[in-house]
Amino acid sequence: MKLQQLRYALEVYRHNLNVSEAADALFTSQPGISKQIRLLEEELGVQIFIRSGKRVVSVSQPGKAVLEISERILRDVQNIKNIGSEFTDHDSGALTIATTHTQARYALPLIVADFVKRYPRVNLTIKQGSPAAIAQMVSNGEADIAIVTERIDDHPELSKLTCDEWNHAVIVPKEHPLLECMNPLSIEDLASFPLITYEFAFNQGSSIARAFNKAHLDNPDVVLSAADTDVLKTYVRLGLGVGLMAKMAFDPEKDADLELVDAAHLFEPSPIWIAVRSDTYLRGYTYDFIEMFSPKLTRDVVDRILYTPVVEDFSI
């Protein structure tokens, strides 16, 4: 059994059982991946993947257990490498941040610029996606940390470091009829117009979904859902609907043709978390990036949150 074989099997699983895509991601050949997985299956005496002809169609029951353990093994191997690198070459390596477009575009630029100056030998990568997607990236080991702006209850394996909060705002073109509804703006007023907002805005448990449900407005007219705040603004400018977005994404100079209406009274603030796996060994520069993003999260604080064992109280 080789680590490479475990890595190949995991990559096929992560690419929705597409061997060709897994080969491209690993910069190797499709026949090479298939051969190594077959050899692993022969050695284990179980079939990891169920096939129809040459096509992988599903994961077998024992295959699920093999993949789960393989992921843990490869993560531990990476942790061992990180420990070695921390003491032999502490200011070089790689750091992958997963976050939303809004955070990447509006919250991170100055932090990233400072980090790159401090650690020029660290290869920094920023991956963007929905809150669910970026949480999955950290869970899978595709990213080291995620900056998350919505609840991630589906990932108990991730630890959350509370950073800050963000509020929603409404944007409309100048002289839009909504601007007449300002005493103050109600959620019923907002629901009377077509809406443009984020793809995840009405996910179950989000602050927007809770506010509309509380007002018994379960089916608002969402004419466009976007992952990208700049796309959202573009369609607001075209008059397609009223924009509902993160207040931090409004630039008074660049967005001077739009009117901003604070909606903090309509929606609960949304927390900003940094999510990491508590079984991951964090490099020194990762601690520094976390503290640069949220100064209260010093190394000592992060370690206490991640690594302090839970003490169970069995008293009655």
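The values are calculated or read from the model by the stated rules, or taken from the named source; none is laboratory data. This structure is a prediction, so every number in the text was calculated from the model and none was measured. No Cβ is skipped: glycine too gets one built from the backbone with ideal geometry, and neighbour counts run over all protein chains shown. Side chains included, ligands, DNA and RNA excluded: accessible areas come from the protein's heavy atoms. Shrake-Rupley method; radii C 1.70, N 1.55, O 1.52, S 1.80 Å.
From helices alone, the chain scores -12000 deg cm²/dmol at 222 nm; the rule is -39500 (n - 2.57) for each run of n ≥ 4 DSSP H residues, then divide by the residue total. For Ile50, the residues 5 or more places off, or on other chains, whose built amide H falls under 5 Å of its own are Val57, Ser58, Val59, Ser60. Tally up the carbon and sulfur contribution to the accessible surface of the chain as a whole percent, 1.4 Å probe, everything protein left in place. Using a 1.4 Å probe with all protein chains present, the chain comes out at 51 percent carbon and sulfur. With Cα atoms as the point set, the radius of gyration and Dmax of the range 167-267 evaluate to 12.4, 37 Å.
Spin-label pair Ser225-Ala191: with each label point 7 Å from Cα along the Cα-Cβ axis, the two points sit 1.8 nm from one another.
Rolling a 1.4 angstrom probe over the protein heavy atoms with all chains in place gives the range 167-267 an accessible area of 50 Å² per residue. Once backbone amide H atoms are built at 1.01 Å from N, Arg277 has Ser159 as its partners under 5 Å, excluding neighbours fewer than 5 places away on the same chain.
Phi-derived couplings, Karplus 6.51 cos²θ - 1.76 cosθ + 1.60 at θ = phi - 60°, listed residue by residue for the range 57-71: 10, 6, 9, 6, 4, x, x, 4, 5, 4, 5, 5, 5, 4, 4 Hz, with x used for Gly and Pro.
Couplings for the range 284-291, taken from phi via the Karplus curve 6.51 cos²θ - 1.76 cosθ + 1.60 with θ = phi - 60°, read x, 6, 5, 4, 5, 4, 4, 5 Hz in order; Gly and Pro are left as x. For Lys117, a cut-off of 16 angstrom between C-alpha atoms picks up these aspartates and glutamates, skipping any fewer than 8 places away in its own chain: Asp91, Asp288, Glu291.
Between Leu95 and Asn123, Leu124, Thr125, the built amide H atoms are under 5 Å apart, and every one of these is 5 or more places off in sequence or on another chain. Spin-label pair Asn123-Asp24: with each label point 7 Å from Cα along the Cα-Cβ axis, the two points sit 2.0 nm from one another. Length available on full extension from Asp154 to Arg105: 0.36 nm per residue minus the Cα-Cα distance, which gives 15.0 nm. Computed from backbone phi, the HN-Hα couplings of the range 184-189 come to x, 4, 9, 5, 5, 4 Hz, rounded to whole numbers (Karplus: 6.51 cos²θ - 1.76 cosθ + 1.60, θ = phi - 60°; Gly and Pro given as x). Between Ala256 and Glu43, the modelled label-to-label distance comes to 6.6 nm, taking each label 7 Å out from Cα in the direction of the beta carbon. For the chain, the normalised intensity computed at q = 0.07, 0.09, 0.11 Å⁻¹ comes to -0.38, -0.61, -0.85 (log10 of I(q)/I(0), Debye sum over alpha carbons, equal scatterers, no solvent).
A Förster radius of 45 Å combined with the Cβ-Cβ distance from Asp218 to Ala94 puts the calculated FRET efficiency at roughly 0.50.
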